[in-house]
Amino acid sequence: MSSNVDENELLRTDISAYLERYRNKELLRFVAVGSVDDGKSTLIGRLLHDTGMVYEDQLEAVKRATNIEGEEIDFSLFTDGLAAEREQGITIDVAYRYFATAKRKFIIADTPGHTQYTRNMVTGASTADVALILIDARLGVLQQSRRHAMIANLLGIPHLAVCVNKMDLVGYDKGVFDSIRKTFEEFSSGLSFQSIGFFPVSALKGVNIVEKSEKTGWYEGPSVLEYLETVPVDHEEGDELRLPVQYVIRPNLNYRGFAGQIVGGQVKQGDEILALPSGKTSKVRSIDTYEGALDEASSPQSVVIRLEDEIDVSRGDMLVHPSARPHVGRKFSAHVVWMSERALDPDKTYILKHTTQEIRVQIDAVKAKIDLDTLEEVDAANLELNDIGILDLSTHRALYYDPYTTNRSTGAFILIDSLTNATVGAGMIGEAESQEERSLDEQLAELRAGSGLRPRTQVSAKERDERMGQKGSTVWLVGLPGSGRWPLAYALERRLFDLGRTATVVDPTGEDLRSMVSAAKACTDADLVCICAFPSHSKADRAYLRERIGAERVTMVYVNTDEALCRERRPDARFDGFEAPEKVDLTVALDQVRLDDAVDMILGLLEKRK
């Protein structure tokens, strides 16, 4: 604490020196995760309080709001800022807090523990260097603890600090701590963290948070703060230059620069640069920043690159070194955390946001879902809220990317529902199936080519159902000439329209059976109620239309009006060759029921069939 006191003195006496020292400190980003009521917010509040990072007015406000029996301060209130959070006593949104010690400066993300808010946890953990996971000493390792550890691993967080909290409630029992540690080590052996540390703590009592405590004399490791001050940190994103272009800056005719954040490697003045997807090359003329020009820059700096040649570069393009190109392709596999209450719809296409570009993407397959108890891959048809799955994806134009394990920026993406514009998934790209080095010409051919995918609708059946408020159906009216099929068809269309439904009668003029069936199928695919009374006298005709449109989408109505009446109405029509249908969904005889009653019968059948 003495070093912090020295800094406070420096803050009072020499603000410039203090700011310079602060600016040069190494930054560590860490995220606090765990199950509900494990004490994440309390631990962070304790860190802030015991390192002197809480203003006096904040402290007084928290004291007034504290209602924990026997405690003067509810440390969780330093981060739970929403009224709903304080009311429920749980963290809902991601809370970011900042503090510094003599050795480092820190950005903390306090994330929700409730399963419903796992998607918020993904947001908070996406840029962290350390995941600090809390486990209630009384409850042990829960599924939500496993889920958060799995997500932290997928997000590429290198270090995991497991804090067994509320040790005061189990008498600081070493056996309890060792049992939880053993259980977690068995579970985490299948994960790929660079390091995992274990800490027996009491966030409420401040045990082993900032300083070591005598209450756990059997524990020989560091305090949580000592660990955070010394854990190795590497902020560089891969060794190869990756600069996704965010903007093209053209303030005047003599200046044309490409602005963006370097998300991997470094660039120097005079370096040869390859622009993707054009494949054009040039050299770096200058590296500009707000403070002035630089000789070189590296990740994660934001810069403006000017090139010696006038080449075509725009937003979404990427600048790389020609000798270190990313993967280029339309097909890849990725781990995806599903973040929407609406399940994944494999039949629809989504918008994939990758670096600074957006591309339409389709789901080729849901390969598996991760069982969070065993970490095994299990079969799945889709993904529900908070599921973690492995998807095969195809983009509508080539993507330039790196595996997530190589570069967290060029290996990550989000999925956006184009209908609601909501973020529905966060993905991490896996290793490319083929590691063979492709030539620049092969990569450029892939980038320049049009979509090689089989044409596929970008609107799924579920989306159409939601937009139309109905499911597509074909009502096919069968009967003799003069039976009243066409008056019934138009009466049904009118009634459906009046009920707010979308229906249409397919006009038979100049058409044959095949074209009428094709038209009916197209209307049904578009979620219309298609009504057709085209002659289909034979069983073979009706079997064909059922097969073509889909038997479950065809409602076959036999208009069985008395034949003598039909002949009287249509003396010029041909009646030979008609085969009465054996399997129909409804039979009506318009010489026995009124037209409106027949319409009611059909509507009842459609309602029953949903």
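The values are calculated or read from the model by the stated rules, or taken from the named source; none is laboratory data. Nothing here was measured: the structure is a model prediction, and the numbers come from that model. Here the Cβ positions follow ideal geometry from the backbone for every residue, glycine too, while neighbour counts run over all protein chains shown. Just the protein is used for accessible areas: all its heavy atoms, side chains included, with ligands, DNA and RNA removed. Shrake-Rupley method; radii C 1.70, N 1.55, O 1.52, S 1.80 Å.
Return a yes/no flag: does the stretch 162-169 have any residue that is within 22 Å of residue 129 (Cβ to Cβ) and open to solvent by 20 Å² or more (accessible area, probe 1.4 Å).
No.
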Completion exercise
So, first residue touching a residue at least 40 places away in the same chain (Cβ under 8 Å) and more than 20 Å from residue 608 (Cα to Cα) in the stretch 534-560, second residue open to solvent by 50 Å² or more (accessible area, probe 1.4 Å) and of a type in the set (Gly, Ala, Ser), Cβ within less than 6 Å, six or more apart or across chains; the pairs are 537/577
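Name the residue that is farthest from residue 194 (Cα to Cα), counting only residues in the stretch 227-243 that are open to solvent by 10 Å² or more (accessible area, probe 1.4 Å) and under 28 Å from the mean Cα position of the chain (by Cα).
Restricting to residues being open to solvent by 10 Å² or more (accessible area, probe 1.4 Å) and under 28 Å from the mean Cα position of the chain (by Cα), the top hit is 240.
Residues checked against (1) at pLDDT below 95; (2) in a helix (DSSP H, G or I); (3) crowded, with 16+ Cβ neighbours inside 10 Å; (4) basic (Lys, Arg):
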residue: 190; (1), (2), (3), (4): yes, no, no, no
residue: 198; (1), (2), (3), (4): no, no, yes, no
residue: 210; (1), (2), (3), (4): yes, no, yes, no
residue: 220; (1), (2), (3), (4): yes, no, no, no
Exercise for the section: Looking only at the stretch 521-537, decide whether some residue is farther than 15 Å from residue 487 by Cα and open to solvent by 70 Å² or more (accessible area, probe 1.4 Å). Expected result: no
Handout entry: Residues (within 17 Å of the chain's Cα centre (by Cα) and of a type in the set (A, V, I, L, M)) located in the stretch 133-159
Key = 150, 151, 152, 154, 155
Completion exercise
The strands (runs of 3 or more DSSP E) lying wholly within the stretch 348-407 that contain at least 2 residues that are free of Cβ contacts under 8 Å to residues at least 60 places away in the same chain and out of contact with any Lys or Arg (no Cβ under 7 Å at 6 or more places or on another chain) are 357-370
Exercise for the section: Quick one: in the stretch 457-483, of everything that is among the β-branched types (Val, Ile, Thr) and part of a loop (DSSP other than H, G, I, E, B), which residue is farthest from the chain's Cα centre (by Cα)? Expected result: 457
Practice task
Scan (1) in contact with a Ser or Thr (Cβ under 7 Å, 6 or more places away or on another chain); (2) surrounded by 21 or more Cβ atoms within 10 Å (Cβ to Cβ); (3) of a type in the set (Val, Ile, Thr) for the single condition residue 224 breaks and write down its number.
Solution key: (1)
Exercise for the section: Could you please find all residues in the stretch 280-301 being small (Gly, Ala, Ser) and more than 18 Å from residue 402 (Cα to Cα)? Expected result: 282, 286, 292, 293, 297
Completion exercise
Checked pairs for the stretch 13-39, first closer than 16 Å to residue 101 by Cβ and of a type outside the set (Lys, Arg), second at pLDDT below 80 and part of a helix (DSSP H, G or I), C-beta under 8 Å and 6 or more apart or across chains, list as 18/7; 18/10; 18/11
Fill in the blank from the handout: For the stretch 492-520 the number of residues that are without any contact (Cβ under 8 Å) to a residue 60 or more places away in the chain, open to solvent by 20 Å² or more (accessible area, probe 1.4 Å) and in a helix (DSSP H, G or I) is 9
Problem - Pairs, first basic (Lys, Arg) in the stretch 467-491, second buried (at least 18 other Cβ atoms within 10 Å of the Cβ) and assigned to a loop (DSSP other than H, G, I, E, B), C-beta under 8 Å, six or more apart - result: 467/527; 471/527; 485/479; 485/533
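Residue by residue, here is whether (1) surrounded by fewer than 21 Cβ atoms within 10 Å (Cβ to Cβ); (2) of a type in the set (A, V, I, L, M) holds:
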site	(1), (2)
365	yes, yes
368	yes, yes
379	yes, no
386	no, no
397	yes, no
400	no, no
403	yes, no
406	yes, no
413	no, no
Handout entry: Close pairs from the stretch 322-345: first without any contact (Cβ under 8 Å) to a residue 60 or more places away in the chain, partner surrounded by 21 or more Cβ atoms within 10 Å (Cβ to Cβ), Cβ under 7 Å, at least 6 apart
Key = 343/383
Exercise for the section: Report, by residue number, each residue of the stretch 369-394 that is modelled with pLDDT of 90 or more and of a type in the set (Val, Ile, Thr). Expected result: 378, 390
